[in-house]
1. From a point 7 Å beyond the Cα of A:Leu55 in the direction of its Cβ, which residues of the range B:16-60 have a backbone N at a distance under 13 Å?
2. Sorted by packing (mean other beta-carbon atoms within 10 Å per residue), highest first, where do A:5-14, A:68-77 land?
3. Once the dipole of the protein assembly as shown is set up with Lys and Arg at +1 and Asp and Glu at -1 on Cβ about the Cα centre, which of A:Tyr35, A:Phe65, B:Val4 lies farthest towards its positive end?
4. Looking only at other chains, what is the average number of their beta-carbon atoms within 10 angstrom of each beta-carbon in B:22-35?
5. Too long at a 18 Å Cα-Cα cut-off: which of A:Lys57/A:Lys78; A:Lys57/B:Lys73; A:Lys11/A:Lys57?
6. Mind checking the mean number of beta-carbon atoms from other chains within 10 Å of the Cβ atoms in A:101-109?
7. Shape of the protein assembly as shown from its Cα gyration tensor (a ≥ b ≥ c, root eigenvalues): rounded if a/c is under 1.5, otherwise prolate when a/b > b/c, or oblate?
8. Please figure out what share of the DSSP beta bridges in the protein assembly as shown is antiparallel and state it in percent, rounded to the nearest 5.
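Readers should treat all values here as calculations from the given coordinates under stated rules, not as data from a laboratory. Remember, predicted model here, so these are calculated numbers, not experimental data. Note: ideal-geometry Cβ built from the backbone for every residue, glycine included; neighbour counts use all protein chains shown.
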Amino acid sequence: GAGVSQSPRYKVAKRGQDVALRCDPISGHVSLFWYQQALGQGPEFLTYFQNEAQLDKSGLPSDRFFAERPEGSVSTLKIQRTQQEDSAVYLCASSLVGRGGETQYFGPGTRLLVL
Amino acid sequence: AQTVTQSQPEMSVQEAETVTLSCTYDTSENNYYLFWYKQPPSRQMILVIRQEAYKQQNATENRFSVNFQKAAKSFSLKISDSQLGDTAMYFCAFYSYNNNDMRFGAGTRLTVKP
């Protein structure tokens, strides 16, 4: 079946602009994760959903970052009033069931550049 | 808080030879999982191998194996018979039962030379 998909693949935004990044997880996967990957670094956790419930948002760097998964499938990460430090690759991952050491399947990422 | 350290930013190996990537971690947890993920250039991250902390036996997946030393909090990845397609960034990652987040190291860039 299809893997995790993300759109857009690339996004250039002017500082102060709002952006929305979309993630389509593998069908039937309960858990969904968002990560931020700065250039040359490992991914850093942003937030976690189990179905439509956002169970952990401790990694969101500021209140300009907001994520939702209203129907328990597609998720959107929104960044308001983007800043240059928001430039990074945003990765989405999904896993079959809930918490635990399951394999997370990653999407290709959205590369965000804030000018 | 858990931290994951990969002390080798870059490594290279000749095709068909063996290479070992290092990873150490710091945690007070007893139950957790460890992973190695591979991120090829401009391609998405995929799982290489996974180890449950309660299992003493080291995980193996074809040419990939780990040396898990729980007391030393060490989790190295051995790649045997290296192939050109193994060229990628390799990330060590830690997941505990008490947290929802996966903690990644900074990565090791591996180049396999023909």
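1. What the label zone holds, given the 13 Å backbone N cut-off, is no residue at all.
2. Going by the mean number of other Cβ atoms within 10 Å, highest first, we get A:68-77, A:5-14.
3. A:Phe65
4. Whole-number average of other-chain Cβ neighbours for B:22-35 is 1.
5. Among A:Lys57/A:Lys78; A:Lys57/B:Lys73; A:Lys11/A:Lys57, the Cα-Cα distance tops 18 Å for A:Lys57/B:Lys73; A:Lys11/A:Lys57.
6. Taking the mean over all residues of the peptide, I get 6.
7. On the way: a/c = 1.85, a/b = 1.43, b/c = 1.29.
Taking the square roots of the gyration eigenvalues as a ≥ b ≥ c, the protein assembly as shown is prolate.
8. Counting only bridges with both partners in the protein assembly as shown, antiparallel ones make up about 90 percent.
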